[in-house]
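Participant: One structure coming up, written as structure tokens, with questions to follow.
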Amino acid sequence: MTVQSTIPAPHVSDTKVPVHVAIIMDGNGRWAKARGLDRSAGHVEGVNTVRRITEAASEAGIGYLTLYAFSTENWNRPQSEVDALMHLIGMAIERETPDLIRNNVRLTMIGDTDRMPPEALDRLNGCIESTSHCSGLTLCLALSYSARWELAEAVRRISNEVADRRLAVGDIDEHTVSRFLTTASMPDPDLLIRTGGDQRISNFLLWQIAYSEIYFTPTYWPDFTKEQFREALDSYAGRERRFGLTSEQVLSDCDGATSP
């Protein structure tokens with residue numbers, strides 16, 4: 001994986017680059033089916049897209065890139081496909097680890113890792129440990145992940161804190177919930193991209209994307225290019241993020257922030 005973090009991306013305004021981009025990588029199987037190939041061929045090609053989009057994110061100066069690689073619902077797919085995908089993920093991460101280190105990319109992972117095959121999990125943990133010192137782009141893989149699982153886990157952990165008298169019920173607020181999520185160490189996504197044509201969230205980061213901008217594209221993930229990624233960033237740069245305020249309030253806040 002060749003990541004050139006010092007090269008600025010074209011088009012995108014320097015002042016409107018999202019800090020955190022999350023992507024639902026959809027369309028691998030349909031890409032393969034359209035070409036008369038086995039679904040696994042789509043997943044293999046999808047790994048190449050992960051490489052180039054990671055490069056593009058680093059080039060654009062994005063701090064966090066979270067990729068929805070495997071949902072808890074995906075465990076219900078044919079076992080042969082699940083096994084092949086788990087093997088591919090482990091092999092690909094192990095292969096890319098030296099380039100991630102060379103380009104200062106840190107790998108993290110969120111999800112129910114108890115369900116992961118030991119071989120794949122060992123390879124992923126090896127890369128996470130090997131890249132832990134990197135200070136550039138944080139690449140987060142959502143594996144065996146679902147937002148409902150994550151929220152249920154947060155509720156259980158908060159309940160334990162209350163039962164042990166380390167947390168008072170009256171002190172629980174939205175910030176408390178955020179602290180108990182798997183993404184507690186990351187800012188919420190500014191931009192959510194979904195490839196493949198479907199326009200739904202599919203149980204991904206439901207709490208965290210409350211105010212994320214959303215960008216849908218019909219392009220299957222294996223065909224998603226750096227230029228298309230930059231088009232998504234351009235779309236984001238052209239939007240006004242109001243967070244419940246009026247346009248006038250946002251403009252006033254911006255003027256106040258830039259006044260001497």
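Participant: Mind running the shape call on segment 17-258? Use the C-alpha gyration tensor, a ≥ b ≥ c as the square roots of the eigenvalues: rounded below 1.5 for a/c, prolate if a/b tops b/c, oblate otherwise.
Facilitator: In terms of gyration-tensor shape, oblate.
Participant: Rounding to the nearest 20 debye, state how big the charge dipole of segment 64-123 is about its Cα centre with +1 on each Lys and Arg Cβ and -1 on each Asp and Glu Cβ.
Facilitator: 220 debye
Participant: While we're here: Students often check this: by mean Cβ neighbours within 10 Å, which of 129-136, 93-100 ranks highest, and how do the rest follow?
Facilitator: Ranked by mean Cβ neighbours within 10 Å, highest first: 93-100, 129-136.
Participant: Follow-up. 222 nm [θ] for the chain, helices only, -39500 (n - 2.57) per DSSP H run of 4+, per residue, to 500?
Facilitator: The per-residue figure over the chain is -14000 deg cm²/dmol.
Participant: Through the Karplus equation 6.51 cos²θ - 1.76 cosθ + 1.60, θ set to phi - 60°, convert the phi angles of segment 117-132 into ³J(HN,Hα) values in whole Hz; use x for Gly and Pro.
Facilitator: For segment 117-132, the Karplus curve yields x, x, 4, 5, 5, 4, 5, 5, 5, x, 5, 4, 5, 5, 9, 4 Hz.
Participant: Which cross-chain or sequence-distant (5 or more) residues have an amide H under 5 Å from the amide H of Ser71, H modelled 1.01 Å from N in plane?
Facilitator: For Ser71, the qualifying residues are Ser144, Tyr145.
Participant: To the nearest 0.05, how large is the calculated FRET efficiency for His87 and Arg156 if R₀ is 35 Å and r is the Cβ-Cβ distance?
Facilitator: In this case the efficiency is close to 0.65.
Participant: What is the distance in Å between the Cα centroid of segment 118-183 and that of segment 28-56?
Facilitator: If you average the Cα positions of each part, the centres end up 29 Å apart.
Participant: OK, next. To the nearest 20 Debye, how big is the dipole of segment 71-210 about its Cα centre, given +1 on the beta carbon of each Lys and Arg and -1 on that of each Asp and Glu?
Facilitator: 80 debye
Participant: On to the next question. Take the alpha carbon gyration tensor of segment 122-209, find the square roots of its eigenvalues, order them as a ≥ b ≥ c, and report rounded if a/c is under 1.5; if not, report prolate when a/b exceeds b/c, else oblate.
Facilitator: Here segment 122-209 falls in the oblate category.
Participant: Quick one: Karplus J couplings for segment 158-170, per residue in order, coefficients 6.51, -1.76, 1.60, θ = phi - 60°, nearest Hz, x for Gly and Pro?
Facilitator: Each residue's phi maps through the Karplus curve to give 5, 4, 5, 4, 5, 4, 8, 6, 8, 8, 8, 4, x Hz.
Participant: Scan around Met25 for amide H atoms under 5 Å from its own, H built in the peptide plane at 1.01 Å from N, and keep only partners 5 or more places away or cross-chain.
Facilitator: Tyr68
Participant: Please give the length that would be gained between Asn125 and Trp149 if that part of the chain were fully extended, namely 0.36 nm times their separation in residues minus their C-alpha to C-alpha distance (nm, one decimal).
Facilitator: Extra length from Asn125 to Trp149 when fully extended: 6.5 nm.
Participant: How high is the relative contact order of segment 17-258? Use alpha-carbon pairs under 8 Å, at least six apart in sequence, and give a whole percent.
Facilitator: 27 percent
Participant: Which whole-Hz ³J(HN,Hα) couplings does segment 101-110 yield from phi under the Karplus relation 6.51 cos²θ - 1.76 cosθ + 1.60, θ = phi - 60°, glycine and proline marked x?
Facilitator: 5, 4, 9, 6, 9, 9, 9, 10, 8, 10
Participant: Taking the Cα centre of the chain as origin, sum charge times position over the Cβ atoms of Lys and Arg (+1) and Asp and Glu (-1), and report the length of that vector in debye to the nearest 20.
Facilitator: Result for the chain is approximately 380 debye, rounded to the nearest 20.
Participant: Quick check on the chain: of the DSSP beta bridges with both residues there, what percent are antiparallel, nearest 5%?
Facilitator: Roughly 0 percent of the DSSP beta bridges within the chain come out antiparallel.
Each value in this text was obtained by applying a stated rule to the coordinates, not by laboratory testing. Because the structure is a prediction, the values reported are computed rather than measured. Ideal geometry is used to build each Cβ from the backbone, glycine not excepted, and the neighbour counts take in all protein chains shown.
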